[in-house]
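As structure tokens, the structure follows; a few thoughts come after it.
Just so you know, all these numbers are worked out from the coordinates, no wet-lab data involved. These figures come from a predicted structure and were not determined experimentally. Neighbour counts are summed over all protein chains in view; Cβ atoms, including those assigned to glycine, are modelled from backbone coordinates with ideal geometry.
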Amino acid sequence: MRRTSHKDYRLRARVMKALAHPSRLLMVDELKKGERCVCELTDLVGADVSTVSKHLAILKSAGIVECDKRGLQVFYRLRCACIPQFFDCIESVLRGRKGA
């Protein structure tokens, strides 16, 4: 088995940093239900299109989401099916803290 390198840890941190914003967490949580266009995510987050697009670019750069353009609209979907399980793990940590 290969030893984890510092580069591997930096790449992992990049993914976690991409998720480390409430608006991005909200968008990823919504994308668990299926693909959404930018306009739907903009309404959900309550921010302007430019801000939501920047958040989505960060998620895309980290490899969390992917997109395709259909006419004038861009649709995003989760690229990794394991994200919902990751969210479940976070919830488990939070439940464990309540008793501490």
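A few comments on the model shown:
- Two-site FRET efficiency, Thr4 against Glu35, from Cβ-Cβ distance with R₀ of 41 Å, rounded to 0.05: 0.80
- Expressed per residue, the C-alpha convex hull volume of the chain stands at 139 Å³.
- For Gly63, residues with placed amide H under 5 Å, excluding near neighbours: none
- Helix 6-19 axis versus longest C-alpha principal axis of the chain: approximately 50°, rounded to the nearest ten.
- Table column - 3J(HN,Hα) (Hz), the stretch 90-96, Karplus curve with 6.51, -1.76, 1.60, x for Gly and Pro: 4, 4, 4, 4, 5, 4, x
- Pairwise label distance in nanometres, Arg97 with Arg77, each label 7 Å out on the Cα-Cβ vector: 3.3
- Using the Karplus relation 6.51 cos²θ - 1.76 cosθ + 1.60 with θ = phi - 60°, the per-residue 3J(HN,Hα) values for the stretch 61-68 come to 4, 7, x, 7, 10, 9, 8, 8 Hz, with x marking Gly and Pro.
- Residue separation of Asp88 and Glu66 scaled by 0.36 nm, minus their Cα-Cα distance, works out to 5.8 nm of gained length.
- Order of Thr51, Thr4 under a 10 Å beta carbon neighbour criterion, fewest first: Thr4, Thr51
- The stretch between Met16 and Ala57 holds 13.3 nm of extra length on full extension. This uses 0.36 nm per residue minus the Cα-Cα distance.
- When only alpha carbons are used to place a centre, the stretch 70-89 and the stretch 31-57 end up 11 Å from one another.
- Sequence of His55, His21, His6 once ranked by neighbouring C-beta atoms within 10 Å, starting from the fewest: His6, His21, His55
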